[in-house]
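Student: Take this structure first; my questions come after.
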Amino acid sequence: HKLSNCVIDSGALDNVMPTKVAHALGLTLTCTYGSCYSMESKEVPLVGRIKDAQVAFATLPEKRVLATILVVDIPPSY
């Protein structure tokens with residue numbers, strides 16, 4: 001699956017992806033329980049997790065990193 005524009009923090013323990021984006025990409029999620037906090041300090045539920053997602057960078061397509069992405073119930077424009 002290809003996503004053309006996103007922000008990945010390669011130093012972060014986890015990255016987040018909105019539920020609608022994950023569903024639009026047809027990704028398979030691993031069930032995960034819990035919640036996290038939004039930038040507005042609101043608690044939001046975790047929907048799932050994508051473990052070891054292979055991420056390639058547009059400016060360095062030969063460079064790939066593995067990232068854990070938490071799928072969270074936040075707006076796609078977040």
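Student: With a cut-off of at most 12 other beta carbons within 10 Å, and DSSP calling the residue loop, which chymotrypsin sites (Phe, Trp or Tyr not before Pro) in the range 31-77 qualify? Please list them.
Tutor: Values: sites: TYR33, TYR37, PHE57; in loops: TYR33, PHE57.
Those that pass, being in a loop and sparsely packed, are TYR33, PHE57.
Student: Follow-up. Residues of the range 48-78 with backbone nitrogen within less than 17 Å of a virtual label 7 Å along the Cα-to-Cβ line of HIS23, please, listed as ranges.
Tutor: Within reach of a label on HIS23: 48-50, 71-78.
Student: Follow-up. Hey, got a sec? Which trypsin sites (Lys or Arg not before Pro) in the range 17-78 land in a DSSP loop and have at most 13 other Cβ atoms within 10 Å? Spell out each step's value before the answer.
Tutor: Numbers: sites: LYS20, LYS42, ARG49, LYS51, LYS63, ARG64; in loops: LYS42, LYS63.
The qualifying sites are LYS42, LYS63.
Student: Leaving out same-chain residues fewer than 8 places away, which aspartates and glutamates sit with a Cα under 14 Å from that of LYS20?
Tutor: Qualifying aspartates and glutamates at Cα under 14 Å: ASP73.
Student: Then there is this: Quick check: pseudo-label points 7 Å beyond the Cα along Cα→Cβ at VAL44 and ILE8, how many nm apart are they?
Tutor: The answer from the label model is 2.0 nm.
Student: Could you pull out every residue, at least 5 positions away or on a different chain, whose amide H is within less than 5 Å of the one on VAL71? Hs are placed 1.01 Å off N in the peptide plane, and Pro or chain starts have none.
Tutor: Answer set, sorted by chain and number: MET17, VAL47, GLY48, ARG49, ILE50.
Student: A further question on this structure: Counting each DSSP H run of 4 or more residues in the chain as -39500 (n - 2.57), what helix-only mean residue ellipticity at 222 nm follows after dividing by all residues, to the nearest 500 deg cm²/dmol? Please list the in-between numbers first.
Tutor: Details: 1 runs with 6 residues, N = 78.
Estimated from H runs of four or more residues: -1500 deg cm²/dmol.
Only the coordinates and a few stated rules stand behind these numbers; no lab work does. Note that the structure is predicted; figures quoted are calculated from it, not measured. Don't worry about glycine lacking a Cβ; one is built from the backbone with ideal geometry, like all the others, and counts go over all protein chains shown.
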